[in-house]
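The values are calculated or read from the model by the stated rules, or taken from the named source; none is laboratory data. Keep in mind it's a predicted model, so treat the numbers as computed, not measured. All Cβ positions, even for glycine, are placed from backbone atoms using ideal geometry, and neighbour counts span all protein chains on display. We work out accessible area using only protein heavy atoms, side chains counted, and drop any ligands, DNA or RNA first. Shrake-Rupley method; radii C 1.70, N 1.55, O 1.52, S 1.80 Å.
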Amino acid sequence: MKTSFNQILYIGFILLGVFQALFSKDYMQAGSSIGIALAFDPFDQDQKWNDRPTWQKAVLFVHLGVAAALLGYAIGWNDK
C-alpha cells in the first residue's frame with residue numbers, strides 16, 4: 001500500500017490534536033489542529049466528492065463535527 005504525504009500529515013495533525021486535548025488540556029489548540037488535518041484529505045484527491053463512497057464522506061463529516069465540537073467547547077468553557 002502506497003502511503004501519500006497527505007496521509008502522514010493527516011494522521012500527524014490528528015495525533016497532535018489528541019495530545020493537546022488529553023494531556024495539555026488546550027482544547028482550542030486541539031480543535032485547531034484537528035481542523036487543520038482536514039486540509040490534508042487522506043483519501044484519493046483525484047476523486048470527485050460525488051464519486052466518493054458514503055463511508056469516506058461520513059468520516060470527513062464526523063471529523064468536521066469533532067473539530068467544531070472541540071472549538072465550541074473551548075469557546076464556551078472560556079466564556080466567563
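Spin-label model, residue 61 to residue 41: label points 7 Å out along the Cα-to-beta-carbon direction sit 1.6 nm apart. Projected label points at residue 48 and residue 4, each 7 Å from Cα along the beta carbon direction, are separated by 1.8 nanometres.
Per residue, how much accessible area does the chain show when a 1.4 Å probe rolls over the protein heavy atoms, in square angstrom? List each step's numbers first, then the result.
Numbers: 5670 Å² over 80 residues.
With all protein chains present, the chain gives 71 Å² per residue.
Rounded to the nearest 10 degrees, the inclination of helix 5-22 to the longest alpha-carbon principal axis of the chain is 20 degrees.
In the chain, the portion of solvent-accessible area held by carbon and sulfur atoms comes to 66 percent [1.4 Å probe, whole percent, DNA, RNA and ligands not counted].
When only Cα pairs below 8 angstrom with a gap of at least 6 residues are kept, the chain shows a relative contact order of 34 percent.
With helices as the sole contributors, the chain gives -22500 deg cm²/dmol at 222 nm; each DSSP H run of n ≥ 4 counts as -39500 (n - 2.57), and the sum is divided by every residue. Here the label points at residue 78 and residue 22, each 7 Å from Cα along the C-beta direction, are separated by 2.3 nm in the simple model. Computed over the chain with a Gaussian network model linking Cα atoms closer than 10 Å, the most mobile of 25, 57, 48 is 48.
Is the chain best put as rounded, prolate or oblate by its Cα gyration tensor, with a ≥ b ≥ c the root eigenvalues, rounded for a/c under 1.5, and otherwise prolate when a/b is larger than b/c, oblate when not? Oblate, since a/c reaches 1.5 and b/c is not below a/b. In degrees from 0 to 90, rounded to the nearest 10, what is the angle of the helix 54-77 Cα long axis to the longest principal axis of the chain? Roughly 10 degrees between the two axes.
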